[in-house]
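The structure appears below as structure tokens.
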Amino acid sequence: MPEEPCQCPDCQRFYKEHDRLIREFPTLRQQQELSWAALQSFRTLAGRVLEDIQKQQAALKLNTDETQDKDGVVASGSVEEQADTLHQALSDLENINAHLFSIEVLMERIFDVRVPDEVEQKFRELAGELAPDPLNVDRLRLNRLLHQTPDLPDRN
């Protein structure tokens, strides 16, 4: 027997977003384009953050080196901690970017696939079954009956 879906707020947000994406992009081609756009936006943002942190780390290193030269004192604990934190963030972001690049290479293969209109129609049909409109009156009534939730006001 399947396990009950998680009801935590994060999972509920995921389920809603998942269903929305299926409803709004119900064909193979639309899903391909959506996935590509999401991947590219993720790569763009992660790349920009990586560049900014590298600049911040370089400035921190320069600042630390100047302080050591002037005072002859080794960097303080908080500066070292900040440098360690930035170094770990850089390492993590470099790994993320490497994985995103690998995903991009795999995604390019997905774009080689073209399907006939009949198959695209099947995508549309199944999208309606997988993620029906949550505001559809029939769906709200069914939800109310099955889950005893007050989705619809009682009619007298």
- Item | Counted residues, the range 100-127 - those being under 27 Å from residue 47 (Cβ atoms), surrounded by fewer than 11 Cβ atoms within 10 Å (Cβ to Cβ) and not β-branched (Val, Ile, Thr) | 5
- Message: Taking the conditions exactly as written (part of a loop (DSSP other than H, G, I, E, B) and modelled with pLDDT of 85 or more), does residue 26 satisfy them or not?
- Response: yes
- Counted residues in the range 20-69 being closer than 14 Å to residue 110 by Cβ, among the hydrophobic types (A, V, I, L, M, F, W, C) and within 14 Å of the chain's Cα centre (by Cα) come to 5
- the range 18-43 - residue that is closer than 23 Å to residue 96 by Cα and among the charged types (D, E, K, R) and, of those, surrounded by the most Cβ atoms within 10 Å (Cβ to Cβ): 43
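The values are calculated or read from the model by the stated rules, or taken from the named source; none is laboratory data. Note that the structure is predicted; figures quoted are calculated from it, not measured. Using ideal geometry, Cβ is built from the backbone for each residue, glycine included, and neighbour counts are taken over all protein chains shown.
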